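The next block holds one structure in the form of structure tokens; read it before the comments.
Nothing in this text is a laboratory measurement; each read-out follows from the coordinates by a stated rule. Every value quoted in this text rests on a predicted model; they were computed, and no experiment measured them. Cβ coordinates were reconstructed from backbone atoms using ideal geometry, including for glycine residues, and neighbour counts include every protein chain displayed.
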Amino acid sequence: MHSISVLMSLLITASSCMEHLANLEVETSEASGVHAPIYAPEKLAVLSHTSVPEFPDNPPSTIPVPEKLQSLAHTGETYLKETTVVEDFQRNALTLEHLSKEQYSKLQKNWAENTEKVKRLAESSEEILNSQLEVNKQFLWMENFKSESQEHPNLSESRAIVELLIQKVSVLKQLRLLELGKLDPLMVTKLIREEKKDDSDIKDWIEHLLEIIEAPKTMKIWKKFFRSFLDEIKGLVVDEDNPFKSFEEEFNSKDYTIPTWSYVLKHINFLYRNGFINQEEFRQIFHDKKFVQQLVYYASHTLGDLNGPESVSKHWGWLSFNDSFEDLGPKDENILTYYSLVRKIQRLGGQLGLDQSYPDWQTITKDLLSHNYIIELTSNDRKHSIKTKTVNSKNPSNYPYELKNDFANIVKMFEHIDSGKADVEDLETLSRKNGEDARNLIHLNLENQTHLSTAMFQFIDFLEKNFARNIIKELVTTPEELKMFEYKKAFMLSFSRMSASIELTESYWYYLKNLEGNAISKGLSKLKKMKSELHDHEDEFLQLCFKANEDGKIFEWFTSHKVLYHFFRHSKLYKSYWSYHDELEKFISKSSGV
């Protein structure tokens with residue numbers, strides 16, 4: 001009976017979740033814009049354990065938003081003031097003293113017809129300039145912070161790399177501006193040669209580029225040239241022996257982004273937005289396994305590790321890294337999801353000490369990172385696309401061995417965690433004996449175990465939906481086992497969706513409360529939508545809880561001293577799932593009148 005009462009308490013708790021996100025009354029501080037900014041990890045520290053939001057009794061009227069985040073928020077407002085800024089950009093980008101009046105008039109006319117493209121070029125150039133300034137600021141800080149004898153061994157070399165990229169981007173900026181002016185290609189190359197005759201450090205690079213422009217039928221050569229340039233840019237954060245990468249952990253930007261990564265992403269955005277690479281070539285970047293792994297780690301570091309979302313790309317702040325990310329396709333998103341889930345499993349397992357307690361932990365996690373099937377099965381290459389069709393034939397014998405092995409290992413690991421017995425009385429005795437710290441540690445471990453279990457089911461579901469639809473049938477032998485497995489999966493996935501919705505809605509609320517006036521109004525519709533989605537996820541979770549009460553076997557699983565049962569019995573989630581019951585509704589009501 002006690003177990004039933006606990007479950008019913010859970011049902012009441014889950015039901016009340018639908019009211020928890022109501023009304024976060026907010027006094028706004030000065031900031032503007034609504035593009036999702038990046039939040040520093042400590043600003044999202046409250047989110048690191050979805051189930052235990054420790055809010056103050058009265059939310060502070062302001063949460064400091066780093067300067068760079070405030071400037072990011074202006075993106076949607078267009079900081080370039082239309083004509084005057086574009087004209088300034090045109091003047092500063094080119095001297096044009098070698099043009100006749102007729103040629104100059106033609107340029108002006110065509111630039112006017114291509115105002116949006118010229119503005120896009122100006123905006124992306126400004127973004128690169130800002131990222132360069134931030135990197136140089138970090139170099140200066142390191143130079144002043146350390147004595148001459150302690151100078152970082154890669155400082156001078158890294159500065160030289162940045163300087164060369166500045167020169168190359170300057171050439172590309174001029175090239176694109178002249179193209180938008182519809183100047184004759186031969187005149188374009190003549191002007192750039194004249195403009196850049198003193199750039200001896202990149203003379204060969206410039207000549208190669210201009211020869212491609214002058215030569216007929218050069219599309220393949222053009223693509224090869226910029227593929228090489230992309231590799232050069234990616235190498236700054238991927239290649240371990242690149243001098244620039246060595247600064248990744250040492251730089252200290254105000255907004256907790258990593259300047260080296262921001263620098264790289266702004267360059268990629270510049271190339272894509274201005275037509276130097278096409279959409280297919282842009283998406284292909286995300287089929288570089290090492291780059292995506294590093295990008296996921298960077299995004300998790302900057303946005304904060306969340307326990308609910310299955311991918312870093314699900315975070316509302318994702319596009320603030322690079323608005324070109326909105327053009328990623330399903331295959332690219334699948335790769336991001338795969339490595340996001342692997343990172344989450346690694347992180348939560350590490351926090352639980354599985355590297356010490358689970359014999360196969362190191363091997364399993366290394367395999368997840370080293371296996372190539374996720375890249376092969378999402379490739380646009382013809383030979384790999386044929387392989388993908390074979391895999392999706394619903395015949396488990398066609399699935400790659402590595403995929404089947406990873407799937408089986410994750411299922412086995414879940415069963416290991418799920419079957420761990422824990423005596424309730426012993427936990428309570430330990431809490432009483434060792435006080436609040438021990439109790440908090442127990443709660444934290446239970447939460448981490450639960451979130452690790454949900455991450456494993458997210459991974460299982462991801463593989464089943466996208467690559468291996470019948471694979472579970474190789475691991476279960478009876479219809480009853482399959483039914484039980486499917487319920488566990490449905491329950492844990494529902495919990496993960498609810499957790500993700502709570503984390504993301506909360507973090508977006510913290511973001512909006514730092515805005516004011518029109519900026520809040522623009523973000524309000526998104527917040528309302530997030531709140532509505534959360535209610536849907538809570539309803540779904542509630543129905544699964546009722547199902548557990550109706551099915552004896554499921555009820556037995558839920559209450560048989562498994563991790564999940566203890567989680568809800570002992571965790572603060574059970575007692576205070578979102579301590580602000582009315583605040584969100586108040587915030588929405590108040591802000592709607594702005």
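Worth a mention:
- Applying 1/(1 + (r/R0)^6) with r as the Cβ-Cβ distance of K483 and N372 and R0 = 41 angstrom yields a FRET efficiency of 0.75.
- Overall, the stretch 117-244 carries a charge dipole of about 860 debye about its Cα centre when +1 sits on the Cβ of Lys and Arg and -1 on the Cβ of Asp and Glu, all other atoms neutral.
- With a threshold of 27 Å on the Cα-Cα distance, the over-threshold entries among K196/K289; K137/K223; K168/K224 are K196/K289; K137/K223.
- Violating pairs (Cα-Cα greater than 23 angstrom) within the set K314/K489; K331/K483; K117/K266: K331/K483
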